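Notes to accompany the following structure.
The values are calculated or read from the model by the stated rules, or taken from the named source; none is laboratory data. Treat the numbers as computed from the prediction; the structure is a model and nothing was measured. Note that we place each Cβ from the backbone using ideal geometry, even for glycine, and neighbour counts take in every protein chain shown. Side chains are part of the model used for accessible areas, which takes the heavy atoms of the whole protein and leaves out ligands, DNA and RNA. Shrake-Rupley method; radii C 1.70, N 1.55, O 1.52, S 1.80 Å.
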Amino acid sequence: MLSNRRQFLYSLGVLTTGTLLANSLPLLAFAQEEDGPFQLPPLPYDYDALEPYIDAETMKFHHDKHHAAYTKNLNAAINKYPELKNQDAESLLRNLDQLPADIRVTVQNNGGGYVNHQMFWEIMTPNSSKIPQGSIATAIEQQFNGFENFQTEFNQTGLSKFGSGWVWLVLNSNKQLQIISTSNQDSPLMMGMYPIMGNDVWEHAYYLKYRNNRGEYLSQWWNVVNWEEVNNRFEKAITG
Ligand code: MN3
């Protein structure tokens, strides 16, 4: 809550210092749209930080419009049931069948969109090591018989996803790494799996730069993967 409050103050211009100022700027436009328990997290880098692999205009629309809309719609659904306000978004997704029927699909789509994109910004970086680091490196090597084989299977799964969705590396219920895809904004959390990393294969994630060439987008995306954060998620999932 402290950080949310700080972000809010930054967005008002009450607090203005160095690097945090840049991150606060996107909040200016839609702070008033976020009336509810969930906050749109600021991008952890500038819009153009992932150039040339992901262009600034795509990042701006993806974060400021798409992710903002999922946040707003999730808040609108949860605001109808104040008793749900203390649940985090991940818990809502893990227990969709316990939600009131009239908001279940809204939370599935918009809660999924909220959580998926929060992960997505965090597992990318302008300073990618380009190859896995830490214990996830060893686990990928063992499970997929090498990093290149893993990338090939991940890309093919993303390419063959028909329509909008995501391709994921998950930790499944047997605590094994597995590549899956989901439709729309469905999260692996809904299936009892933990999302270690995922790539967004909705057209809004790549169409401005790559047009209809999803395969090229999938190939170039590896240049911006934040393996340190992916490894953090893996270690959390293994021990959690
Ligand atoms: Mn998206």
Result for the chain: accessible area per residue, probe 1.4 angstrom, in square angstrom, of 49
Counting pairs on different chains as well as pairs 8 or more places apart, how many Lys pairs in region 50-240 have Cα atoms under 19 Å apart? 6
Quote to one decimal, in nm, the extra length available between residue 104 and residue 83 on full extension: 0.36 nm per residue of separation minus the C-alpha distance between them. 6.1 nm
With a cut-off of 20 Å, note down the residues of region 108-125 whose backbone N falls inside the zone around a label point 7 Å from the Cα of residue 69 toward its beta carbon. 108-121
Taking 0.36 nm per residue of separation between residue 159 and residue 57 and subtracting their Cα-Cα distance, the length gained on full extension comes to 34.4 nm
Could you pull out every residue, at least 5 positions away or on a different chain, whose amide H is within less than 5 Å of the one on residue 201? Hs are placed 1.01 Å off N in the peptide plane, and Pro or chain starts have none. 165, 166, 167
Just to make sure I understand: if all protein chains stay in place, what is the order of 200, 46 by accessible area at 1.4 Å, largest first? 46, 200
Under the rule of -39500 (n - 2.57) per DSSP H run of 4 or more residues, summed and divided by the residues of the chain, what mean residue ellipticity at 222 nm is obtained, to the nearest 500 deg cm²/dmol? -13000 deg cm²/dmol
Using each residue's phi in region 147-152, evaluate 6.51 cos²θ - 1.76 cosθ + 1.60 at θ = phi - 60° and report the 3J(HN,Hα) Karplus result to the nearest Hz, with x for Gly and Pro. 5, 5, 4, 4, 4, 4
Would you mind telling me which residue in 110, 145, 226 has the biggest mean-square fluctuation in a Gaussian network model of the chain, where springs connect alpha carbons within a distance under 10 angstrom? 145
Leaving ligands, DNA and RNA out of it, report the carbon-plus-sulfur percent of the accessible area of region 50-240 at a 1.4 Å probe. 45
Going 7 Å from the Cα of residue 204 along its beta-carbon direction, which residues of region 110-133 have the amide nitrogen within less than 17 Å of the resulting point? 110-122
